[in-house]
Amino acid sequence: MEFDEGHSLWISRHSEERNGERKGRLRRGHHFAEKLFVQNVWWLLFESLDHLHPEYEVYDWNRKSQFLDFAYLPQNGARFGIECDGYQSHVKDMDREKFSYALNRDAFLTAMGWRMLHFSFDDVQQLPEVCRMLLQLALAPYFARKENAANLLSEEKEVLRLAWQIGKPLRPKDVTNYFQINFRTARRLLDNLSGKGLLKPIAGGRGVRYYELKPMQPDQIW
């Protein structure tokens, strides 16, 4: 499915499930910046919008209703709040009271078990690869194909974690240098992860040149 079709179906589904202010907020709040985050960052990582909720309603310590740009609610019970912040609206035009409230709200939600992630609109627009890398790092502890998770060896998990952390194609040399192991062992670990469907080998020269992380579907997060 192409992004535009997936995004349209996603918004339609959430709109049909809502009423009142929650539905109105979706129409008013999800515009160019939010769509660009979904397109430039989220979709390129997951190729799916499952478990991602636009304009998600939460409550502060006074039971005052607030809306997050996005909430990511995987089936394992984790809760991520994601905000795409524009400089004009979130910094330049913010007075001291609003600034304090924004910090207190994040602290309160963190205390309630949310993991709050903020991305600047400028980076989403101009440096989306940085946003994707940071999002990968934040979600990395929850990544693993359920059917393969029990079969991953501890050293394979460490290599997979390294791939998420560096945010770029992984070479055998990277594994050799980072873990101080020989080339043959590094290649074996990478080939094992490739065989389990977690890395994609990219050919070059006489063999595999490097390995890329495959897009993870949200229902594969544990």
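The values are calculated or read from the model by the stated rules, or taken from the named source; none is laboratory data. Computed from a predicted structure; not experimentally measured. Note that we place each Cβ from the backbone using ideal geometry, even for glycine, and neighbour counts take in every protein chain shown. For accessibility, only protein heavy atoms count, side chains too; no ligands or nucleic acids. Shrake-Rupley method; radii C 1.70, N 1.55, O 1.52, S 1.80 Å.
Test each condition in (1) modelled with pLDDT of 80 or more; (2) assigned to a helix (DSSP H, G or I) for Leu137 and report the one that comes out false.
Every listed condition holds for Leu137 apart from (1).
Run down Phe80, Phe46, Phe67, Phe37 and say which single residue is in contact (Cβ under 8 Å) with a residue 40 or more places away in the chain and in contact with a Gly (Cβ under 7 Å, 6 or more places away or on another chain).
After ruling out the rest, the residue left standing is Phe67.
Condition first: open to solvent by less than 20 Å² (accessible area, probe 1.4 Å) and either more than 26 Å from Val130 (Cβ to Cβ) or without any contact (Cβ under 8 Å) to a residue 40 or more places away in the chain (or both). Now tell me which residues in the stretch 4-23 satisfy that.
Correct list: His14, Arg18.
Go through the stretch 93-121 and count every residue that is open to solvent by 80 Å² or more (accessible area, probe 1.4 Å) and under 16 Å from Phe37 (Cα atoms).
Summing the residues that are open to solvent by 80 Å² or more (accessible area, probe 1.4 Å) and under 16 Å from Phe37 (Cα atoms) in the stretch 93-121 gives 1.
Go through (1) at pLDDT below 90; (2) open to solvent by 60 Å² or more (accessible area, probe 1.4 Å); (3) closer than 21 Å to Gly6 by Cα one by one and return the number of the condition Leu45 breaks.
The number of the failed condition is (2).
Does the stretch 52-67 contain at least one residue that is more than 30 Å from Glu212 (Cα to Cα), modelled with pLDDT of 90 or more and of a type in the set (Val, Ile, Thr)?
Checked the stretch 52-67: at least one residue is more than 30 Å from Glu212 (Cα to Cα), modelled with pLDDT of 90 or more and of a type in the set (Val, Ile, Thr).
For residues that are buried (at least 16 other Cβ atoms within 10 Å of the Cβ) and closer than 17 Å to Ala203 by Cα, scanning just the stretch 172-186, find the one that is nearest to the chain's Cα centre (by Cα).
Asp174
Could you list, in sequence order, all residues of the stretch 187-199 that are of a type outside the set (A, V, I, L, M, F, W, C) and either farther than 20 Å from Leu45 by Cβ or surrounded by 15 or more Cβ atoms within 10 Å (Cβ to Cβ) (or both)?
If the condition is that a residue be of a type outside the set (A, V, I, L, M, F, W, C) and either farther than 20 Å from Leu45 by Cβ or surrounded by 15 or more Cβ atoms within 10 Å (Cβ to Cβ) (or both), then Arg187, Arg188, Asp191, Asn192, Ser194, Gly195, Lys196 are the ones that fit.
Please go through the stretch 164-192 and pick out each residue that is within 26 Å of Val130 (Cβ to Cβ) and at pLDDT 90 or above.
Leu170, Arg171, Pro172, Lys173, Asp174, Val175, Asn177, Tyr178, Phe179, Leu190
With the structure loaded, tell me whether Met1 is without any contact (Cβ under 8 Å) to a residue 60 or more places away in the chain and open to solvent by 60 Å² or more (accessible area, probe 1.4 Å) or whether it fails that test.
It is true that Met1 is without any contact (Cβ under 8 Å) to a residue 60 or more places away in the chain and open to solvent by 60 Å² or more (accessible area, probe 1.4 Å).
Checking the condition touching an Asp or Glu at 6+ places or on another chain (Cβ under 8 Å) and aliphatic (A, V, I, L, M), which residue from Leu26, Leu9, Leu73 passes?
That would be Leu26, the only listed residue that is touching an Asp or Glu at 6+ places or on another chain (Cβ under 8 Å) and aliphatic (A, V, I, L, M).
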